[in-house]
Ligand SMILES: O=C(O)[C@@H](CO)OP(=O)(O)O
Ligand SMILES: [Mg+2]
């Protein structure tokens, strides 16, 4: 019934205006699924490879499509993803591209759900998944690789930990984003937006902390539930491996100073969440910081790159208390779910995430619900971000 009869691949635009891969899959009984690959700007050194979309499509048409069409069932996600791996023949998808692989993997899941007449989260999560929906982390001020002349820290996130529902949390994050805009205007600071729709003002990190703290306080008062702050430091982007220091606009910090600095920020601003506070090779430094903080989730993104081998390394030394899960970092939904399961078995919190370059694709909203992930990071505003957030609202209505 879910036998794949046709795979179509094409180049479409992503939110940065770059070409990315879109896949469409049709099954024997007429089920249909469409999905597109996102792309990162602050990519981890150990991510799977995504060549230019045109090259990835040509390679996937040559190597992967003939192995799947007429031979593999879309409802059997593991077989689809195994066929993609076998067709590629490398560890990092450097033959067909992680962009081709992930779009085919996600399109297959959608085609299977359509054939079976089930919502995607239900197909992926099964009948016995939990009934909690993820809390969205909303990017409200950002810089780093996502915007020029803005903050050193890549993302200042609203974390509506007290929200009674995912829908309330989505609206709270948008309200914090709006409040940040108003506070910046009051201060006479002009602000454009970065790649993910967060404000990208030309201010230092210290001022950004003040502005976001004022905005989360204001909105928390209005909505009547707690809204904390979180960060994605994306520290690998500021680490100078030759000199062994983190380069900030106004100073530099040694790895020990960086640990101290982030631990102090966590304390001062009651940070609920800090992603990539240290370089992507520093498993030991991550472990030291995780040990230092009590209430703050320390999350590995570039550190783990959704890769179970790197996650195992981190688990051995207690590097982190959370893992960011991005399907395109590893190339298939099966690999992403394996990372979630290994994390949960070992007490780490999975956070399902978008990339800075996105499309209208909503698969990650379904993946987060299907895997019972406590958090999803997918921006606060901007169409390619609200596509996922609005899907979460729809899921909450029916789940
Ligand atoms: O670092 C990150 O977590 C992501 C998404 O916010 O950015 P990018 O997709 O550029 O890696
Ligand atoms: Mg990150």
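The values are calculated or read from the model by the stated rules, or taken from the named source; none is laboratory data. Just so we're clear, the structure is a prediction, and the values are computed from it rather than from any experiment. Ideal geometry is used to build each Cβ from the backbone, glycine not excepted, and the neighbour counts take in all protein chains shown.
Couple of notes before you dig in:
- In the set 197, 224, only one residue is on the phi > 0 side of the Ramachandran plot, more than 23 Å from the chain's Cα centre (by Cα) and either in contact (Cβ under 8 Å) with a residue 24 or more places away in the chain or more than 16 Å from ligand 1 (Cβ to nearest atom) (or both); that residue is 224.
- Qualifying residue in the stretch 254-261 (condition: modelled with pLDDT of 95 or more, farther than 20 Å from residue 380 by Cα and assigned to a loop (DSSP other than H, G, I, E, B)): yes
- Positions within the stretch 298-309 being more than 18 Å from residue 355 (Cβ to Cβ) and within 15 Å of ligand 2 (Cβ to nearest atom), in sequence order: 298
- Summed over the stretch 262-292, residues that are within 16 Å of ligand 2 (Cβ to nearest atom), part of a helix (DSSP H, G or I) and over 17 Å from residue 237 (Cα atoms) total 1.
- From the options 239, 261, 273, residue that is surrounded by fewer than 24 Cβ atoms within 10 Å (Cβ to Cβ) and closer than 30 Å to residue 162 by Cα: 261
- The test for being under 16 Å from residue 5 (Cβ atoms) and at pLDDT 95 or above holds for residue 71.
- Any chance residue 295 is more than 16 Å from ligand 2 (Cβ to nearest atom), surrounded by fewer than 20 Cβ atoms within 10 Å (Cβ to Cβ), in a helix (DSSP H, G or I) and without any contact (Cβ under 8 Å) to a residue 60 or more places away in the chain: no
- All positions within the stretch 105-132 that are assigned to a loop (DSSP other than H, G, I, E, B) and either crowded, with 24+ Cβ neighbours inside 10 Å or within 16 Å of ligand 1 (Cβ to nearest atom) (or both): none
- Condition check for residue 172: in a helix (DSSP H, G or I) and either within 16 Å of residue 375 (Cα to Cα) or within 16 Å of ligand 2 (Cβ to nearest atom) (or both): yes
- Which numbered condition residue 357 fails, given (1) surrounded by 24 or more Cβ atoms within 10 Å (Cβ to Cβ); (2) within 15 Å of ligand 2 (Cβ to nearest atom); (3) farther than 13 Å from residue 134 by Cβ: (1)
- Of the residues making up the stretch 145-168, those that are under 19 Å from residue 384 (Cβ atoms) and either in contact with a helix residue (DSSP H, G or I) (Cβ under 6 Å, 6 or more places away or on another chain) or not in a strand (DSSP E or B) (or both) are 145, 146, 147, 154, 158, 166.
Okay, residues lined up against (1) modelled with pLDDT under 95; (2) out of contact with any strand residue (DSSP E or B) (no Cβ under 9 Å at 6 or more places or on another chain); (3) part of a loop (DSSP other than H, G, I, E, B):
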position	(1), (2), (3)
12	no, no, no
16	no, no, yes
54	no, no, no
57	no, no, no
67	no, yes, no
80	no, no, no
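- The residue list 70, 89, 54, 17 contains one member that is in contact with a helix residue (DSSP H, G or I) (Cβ under 9 Å, 6 or more places away or on another chain) and either outside the structural domain of residue 334 (by TED's automatic domain parsing) or on the phi > 0 side of the Ramachandran plot (or both), which is 89.
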